[in-house]
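The values are calculated or read from the model by the stated rules, or taken from the named source; none is laboratory data. Since the structure is predicted, the reported quantities are computational estimates derived from the model, not experimental observations. Backbone-built Cβ (ideal geometry, glycine too); neighbour counts: all protein chains shown. Side chains are part of the model used for accessible areas, which takes the heavy atoms of the whole protein and leaves out ligands, DNA and RNA. Shrake-Rupley method; radii C 1.70, N 1.55, O 1.52, S 1.80 Å.
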Amino acid sequence: MRIGRSVVLALGSFFLAGGMLAAQEADRAGCTDHPLFPTRMPNYRIADCKVEDFGMYEFWTKNARVKVPVEGKTTFITYRFTGGRGTEPSAL
């Protein structure tokens, strides 16, 4: 009976580890972190990215009534949390 329990525990551990590895998804193809941020928070992956050599983004001004367009190279990177449920860091 002891051998049967060991086999069941070993198989259970194997499937659990396999599921955890499958949950760690890879970054989207062609996307990398921006060079200004050399490290990434754990359990995050790149879900989407867009880089334009010449783009435009409108920023709100201090009084929040007027948008100011700024032109130049734009980089948008979207990260997705891949860690355990309820363990995602807060916005703070």
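Worth a mention:
- Remark: pairs (first residue in segment 44-66, of a type in the set (A, V, I, L, M); second residue open to solvent by less than 40 Å² (accessible area, probe 1.4 Å) and not in a strand (DSSP E or B); Cβ separation under 8 Å; 6+ apart in sequence or on different chains) = ILE46/CYS31.
Yes/no per residue for (1) part of a strand (DSSP E or B); (2) not hydroxyl-bearing (Ser, Thr, Tyr):
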| site | (1), (2) |
| --- | --- |
| PRO42 | no, yes |
| CYS49 | yes, yes |
| TYR57 | yes, no |
| LYS62 | no, yes |
| ILE77 | yes, yes |
| GLY86 | no, yes |
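- Some residue of segment 15-27 being surrounded by 12 or more Cβ atoms within 10 Å (Cβ to Cβ) and at pLDDT 90 or above: yes
- Flag if GLU71 is over 15 Å from the mean Cα position of the chain (by Cα), open to solvent by 60 Å² or more (accessible area, probe 1.4 Å) and not hydrophobic (A, V, I, L, M, F, W, C): yes
- With respect to the stated conditions, THR61 fails to be at pLDDT 90 or above and open to solvent by less than 100 Å² (accessible area, probe 1.4 Å).
For every residue, the table says whether it meets (1) under 30 Å from GLU25 (Cβ atoms); (2) aliphatic (A, V, I, L, M).
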residue	(1), (2)
GLU58	no, no
VAL68	no, yes
THR74	yes, no
TYR79	yes, no
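- Boolean, PHE81 is open to solvent by less than 60 Å² (accessible area, probe 1.4 Å) and modelled with pLDDT of 90 or more: yes
- Qualifying positions in segment 37-47 - modelled with pLDDT of 90 or more and either hydroxyl-bearing (Ser, Thr, Tyr) or open to solvent by 70 Å² or more (accessible area, probe 1.4 Å) (or both): ASN43, TYR44
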